[in-house]
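The values are calculated or read from the model by the stated rules, or taken from the named source; none is laboratory data. Note that the structure is predicted; figures quoted are calculated from it, not measured. With ideal geometry, Cβ positions are generated from the backbone for all residues, glycine too; neighbour counts draw on all protein chains shown. These accessible areas exclude ligands, DNA and RNA; they are computed on the full protein's heavy atoms, side chains included. Shrake-Rupley method; radii C 1.70, N 1.55, O 1.52, S 1.80 Å.
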Amino acid sequence: MAQTLRFGMVIGIRPEKLDEYQALHADDHPGVRDLLAAAHMRNFSIYLQQFPDGKHYLFGYFEYDGDDYDADMARLAAEPRNQQWLATCGPMQIPFPGEPTWQQMQRVYYQA
């Protein structure tokens, strides 16, 4: 039986790419939403915040409700359309030092 897993993640965003990134993720842009849903990823949300030092960060959240997270993520990673999406968005982002992409965050609290 599947249990819901919750994930939070963070990454920097290049300030000159803010408008383009937001347009790609607009509610009316199809992006890869269908691929995320097929991988049992729900409530996928991305938030943007500029910090007092002037840097911008993206904070992402999603829930996974499938039975085999590793297999679903492997299938998603193998999808050509997802690979293209990541190749488009990746250069807009600024990973944390030592990370290739989004940094997973530690969950501190959750209330259902």
Go over the candidates 57, 61, 47 one by one and state the one that is open to solvent by 80 Å² or more (accessible area, probe 1.4 Å), among the hydroxyl-bearing types (Ser, Thr, Tyr) and outside any loop (DSSP other than H, G, I, E, B). 47
With 13, 46 as the choices, which residue is free of Cβ contacts under 8 Å to residues at least 24 places away in the same chain and either closer than 15 Å to residue 103 by Cβ or touching a helix residue (DSSP H, G or I) at 6+ places or on another chain (Cβ under 7 Å) (or both)? 46
Please work out if residue 108 is over 18 Å from residue 8 (Cα atoms), of a type in the set (Val, Ile, Thr) and either touching a Phe, Trp or Tyr at 6+ places or on another chain (Cβ under 9 Å) or open to solvent by 80 Å² or more (accessible area, probe 1.4 Å) (or both). no
Given 81, 14, which one is over 12 Å from the mean Cα position of the chain (by Cα), exposed (fewer than 13 other Cβ atoms within 10 Å of the Cβ) and of a type in the set (Lys, Arg)? 81
Residue 33 in contact (Cβ under 8 Å) with a residue 24 or more places away in the chain and either small (Gly, Ala, Ser) or open to solvent by 80 Å² or more (accessible area, probe 1.4 Å) (or both): no
